[in-house]
Amino acid sequence: MSSLLLPLLGGALIGLSASLLLLFNGRIAGISGIAGGLFGGMKGERGWRLAFLGGLVGGGLLLRVVWPETLGTSHAPGSGWLVAAGLLVGVGTRLGNGCTSGHGVCGLARGSRRSFVATLTFMATGALTVFFVRHVLGSAG
């Protein structure tokens, strides 16, 4: 498959899953909200949340087994970077009232101005972080 077709197919599947979740559950497919709702969410909400998150993880694991070359090779940074990145992402999702899937996929599709600003902020922050880590700190990780 071409390098253009795989991202298009992935995007279509993300859009389809977000649309189906909204259609059948009336919920926005914001991953941080879905994961956060596992801890202290309303009764009866746990099943669909676990199924949705399980599908995300399971789909990636299945792809890794069936077609491993599509995921490329990984050059994992040290555990300190991973902890710092995880904490910063967690803080960012709280400050932005959502994550890239909630704002960037679902919010933009609904024409939300707040999601547009949040997505621009995510993208600019990501670009600046990559520049800083690679060119100022001199690390490829």
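The values are calculated or read from the model by the stated rules, or taken from the named source; none is laboratory data. A quick note: this is a predicted structure, and the numbers were derived from the prediction, not measured. Here Cβ is always computed from backbone atoms with ideal geometry, including for glycine, and neighbour counts include all displayed protein chains. Heavy atoms of the whole protein, side chains included, go into the accessibility calculation; ligands, DNA and RNA do not. Shrake-Rupley method; radii C 1.70, N 1.55, O 1.52, S 1.80 Å.
Annotations
- Highest mean first, the peptides 33-40, 5-12 sorted by other C-beta atoms within 10 Å per residue fall in the order 33-40, 5-12.
- Taking only the C-alpha atoms of region 63-102, the Rg (one decimal) and the largest Cα-Cα distance, Dmax (whole number), read 14.3, 38 Å.
- The Stokes-Einstein estimate for the chain, based on a Kirkwood radius over Cα pairs and taken at 4 °C with 1.567 mPa s viscosity, is a diffusion coefficient of 76 µm²/s.
- Spacing of the two label points (7 Å from each Cα toward its C-beta) at Leu128 and Ala85, in nm: 1.9 nm
- Each residue of region 123-138 is assigned a 3J(HN,Hα), and the resulting list reads 5, 5, 5, x, 5, 5, 5, 4, 4, 4, 5, 7, 9, 8, 7, x Hz, derived from the Karplus form 6.51 cos²θ - 1.76 cosθ + 1.60 (θ = phi - 60°), x at Gly and Pro.
- Over the Cα atoms of region 1-67, the radius of gyration divided by the Kirkwood radius equals 1.04; this is the Rg/Rh ratio.
- Accessible surface, region 84-141, averaged per residue in Å² (probe 1.4 Å): 71 Å²
- Packing, as the average of other Cβ atoms within 10 Å across residues, places the peptides 93-102, 42-51, 19-28, 111-120 in the order 93-102, 111-120, 19-28, 42-51, highest first.
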